[in-house]
Amino acid sequence: MSSDPRHQDDRIRDFIHKRVDEDLRQGVVDHIRTRFPPEPNGYLHIGHAKAVCLNFGIAEEYGGRCNLRFDDTNPERESAAYAQAIEEDIRWLGFEWEPPLRHASDYFEQLHGYAMQLIRDKRAYVDSQSPEQLRATRGTLTQPGRDSPYRDRTVAENLELFERMRAGAFEEGEQVLRARIDMNAENLNLRDPVIYRIRKRAHHRTATRWCIYPTYDFTQCLSDAIEGVTHSLCTLEFEDHRPLYDWFIEHLPVPSRPRQYEFARLNLDYTVTSKRLLARLVEDGAVTGWDDPRMPTLSGLRRRGYPPTAIREFCGRIGLTKKDTRIDCRLLENLVRAELDRTAPRAMAVTRPLKLVITNYPREQVEELTLPRHPKDPDLGERTVPFSNELYIEQDDFHLDPPPRFRRLAPGREVRLRGAYLVSCERVVEDARGVPTEVHCRYDPATRGGVAPPERKVRGALHWVSARHAVNAEIRLYDHLLNSPEPTGADPAADLNPDSLETLTQAKLEPGLARAGLTERFQFERTGYFCQDSRDSRPERLVFNRIVSLRDSRNPAT
């Protein structure tokens with residue numbers, strides 16, 4: 001989705017690009033206009049990213065335009081805060097919509113006029129059945145529906161009732177406006193669908209000016225037509241709604257004739273891509289909010305530290321199909337690793353500290369060692385790291401009784417301290433439970449820079465932090481929020497992974513990280529990729545989130 005499709009091999013062209021190519025070649029359209037129409041009732045998630053990249057990407061590739069239009073036709077759960085979050089997410093992904101920002105509520109008066117036109121054309125009527133009666137008479141996949149007893153009301157009666165609905169004369173559920181199509185249609189969406197319903201709730205943009213609101217099926221196609229959208233791209237659940245989309249376009253005097261095309265939605269392992277289910281996790285307190293770094297929302301991924309370029313690359317890699325499939329989450333994680341391996345500066349951080357004392361290093365001496373910020377990119381420059389006689393190393397880097405193939409520090413063994421010196425373990429201080437609390441070593445001053453003489457076989461290299469210069473931090477290690485790779489339950493809280501978050505409160509960082517910006521990402525050497533938590537991190541209390549580990553622990557070959 002990032003390169004010009006007209007220069008790609010036709011064998012790898014997806015069906016939507018081929019459709020757009022054909023429409024341009026045949027003169028069906030002479031320009032491209034797409035739209036992304038989110039409902040402002042929650043935050044965008046990784047599934048929406050696919051639709052965002054497709055709609056905005058198609059417009060970019062063909063020199064067209066993409067509209068951002070909020071589908072704000074249901075005031076019950078919508079808010080301006082959700083709309084603002086959606087705008088931020090789209091811009092974070094790197095896209096900008098064709099101004100102005102649009103809302104379905106911009107067209108409420110025009111949509112009302114279209115509804116009145118359908119009534120005058122005897123293609124819509126006010127139905128006074130109860131919601132229960134409406135459901136009972138709709139029919140099933142194998143049985144036709146039954147005509148409403150109010151289906152043959154006169155035009156005058158329908159116009160009067162519809163105006164009384166708008167004036168607030170009825171309560172919710174007492175009346176609806178239905179399109180008059182065919183109660184025997186095999187497609188249930190054509191069985192006289194409801195196009196207006198009463199909702200006596202304040203709207204976040206129109207306040208209390210309206211108490212009747214159009215349905216999604218009525219709103220989307222007509223809004224597309226009003227805006228001159230050429231290709232209405234949506235997910236497969238709307239495929240059965242396409243005949244209704246076309247019916248409204250055909251039977252109303254709209255200024256343009258958009259066409260709808262469907263593609264498979266994104267289903268990712270260990271993830272639910274349903275705003276309704278994600279909202280339950282937030283409302284039930286299973287997560288700290290929509291931007292919890294374990295959430296598959298774009299704000300959660302941003303807070304965790306995922307680069308937007310990796311998400312766009314991911315959406316391009318998975319491609320477009322007409323069949324729902326589930327994507328291995330390791331594809332996204334590996335793309336994040338590849339991006340950060342290339343761009344993230346290196347730093348040293350000890351997540352579970354164990355003190356290492358160098359007994360033959362002068363106590364008051366401090367050296368400033370120079371290390372590269374990135375081993376493969378000299379343009380990123382260098383950094384200085386203080387070295388003293390007391391350091392912190394990882395607890396896992398020392399073992400009293402090392403197992404086979406253990407290549408780190410143990411009694412009598414020598415290791416390399418990254419960019420510093422070779423040290424050998426002479427003594428261990430243990431607590432009453434036999435747990436090591438200090439490791440005492442000697443260093444070889446002739447090995448500055450961590451260079452070992454050829455005759456010395458050094459088994460491993462450790463990262464470290466000077467104890468007296470270390471910056472304290474909290475480290476948050478994230479895993480999948482859900483246990484099941486294919487969650488299917490209606491209650492995702494029942495499938496929560498109890499190990500989705502591990503918090504380490506005693507981490508020690510090299511001092512330069514105290515000056516890191518909130519948006520900077522780092523590779524903590526030998527540990528993973530990290531960034532500061534944009535909500536909780538403060539200069540006096542640093543909090544770093546693990547974006548992704550260095551390798552996929554579920555697949556040692558990666």
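The values are calculated or read from the model by the stated rules, or taken from the named source; none is laboratory data. Note that the structure is predicted; figures quoted are calculated from it, not measured. All Cβ positions, glycine included, derive from the backbone under ideal geometry; neighbour counts span all protein chains shown.
Key figures
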item: Test: residue in region 453-473 that is in contact (Cβ under 8 Å) with a residue 60 or more places away in the chain and under 20 Å from GLY285 (Cα atoms); result: no
item: Per-region count, region 278-296, residues in contact (Cβ under 8 Å) with a residue 24 or more places away in the chain, surrounded by fewer than 20 Cβ atoms within 10 Å (Cβ to Cβ) and assigned to a loop (DSSP other than H, G, I, E, B); result: 2
item: Region 217-271 - residue that is part of a helix (DSSP H, G or I) and among the aromatic types (Phe, Trp, Tyr) and, of those, farthest from ILE195 (Cα to Cα); result: PHE238
item: Set LEU301, LEU320, LEU281: member being outside the structural domain of PRO487 (by TED's automatic domain parsing), in contact with a Pro (Cβ under 7 Å, 6 or more places away or on another chain) and among the hydrophobic types (A, V, I, L, M, F, W, C); result: LEU281
item: Count of region 338-358 residues which are under 16 Å from SER549 (Cβ atoms), in a helix (DSSP H, G or I) and not hydrophobic (A, V, I, L, M, F, W, C); result: 2
item: Filter pass, VAL548 being surrounded by 14 or more Cβ atoms within 10 Å (Cβ to Cβ), closer than 30 Å to ASP284 by Cα and of a type outside the set (S, T, N, Q); result: yes
item: Cβ pairs under 8 Å, 6+ apart, first in region 131-155 and in contact (Cβ under 8 Å) with a residue 12 or more places away in the chain, second of a type in the set (S, T, N, Q) and surrounded by fewer than 16 Cβ atoms within 10 Å (Cβ to Cβ); result: PRO144/ASN184; GLY145/ASN184; TYR150/SER128
item: Criterion: surrounded by 13 or more Cβ atoms within 10 Å (Cβ to Cβ) and modelled with pLDDT under 95 - qualifying residue of ALA420, ALA452, ALA467; result: ALA452
item: Cβ-Cβ under 7 Å pairs, at least 6 apart or on other chains, region 487-499 side more than 16 Å from SER274 (Cα to Cα), far side in a loop (DSSP other than H, G, I, E, B) and not basic (Lys, Arg); result: ASN497/ASP479; ASN497/HIS480; ASN497/LEU481; ASN497/ASN483; ASP499/ASP479
item: Residue ID - surrounded by the fewest Cβ atoms within 10 Å (Cβ to Cβ), chosen from residues in region 372-392 that are assigned to a strand (DSSP E or B) and under 35 Å from the mean Cα position of the chain (by Cα); result: GLU382
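Every residue, every condition in (1) at pLDDT 95 or above; (2) over 30 Å from VAL155 (Cβ atoms); (3) within 24 Å of the chain's Cα centre (by Cα); (4) among the small types (Gly, Ala, Ser), yes or no:
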position	(1), (2), (3), (4)
ARG6	no, yes, no, no
LEU24	yes, yes, no, no
PRO40	yes, yes, yes, no
HIS45	yes, yes, yes, no
TYR62	yes, yes, no, no
ASN67	yes, yes, yes, no
ARG77	no, yes, yes, no
GLN110	yes, no, no, no
GLY113	yes, no, no, yes
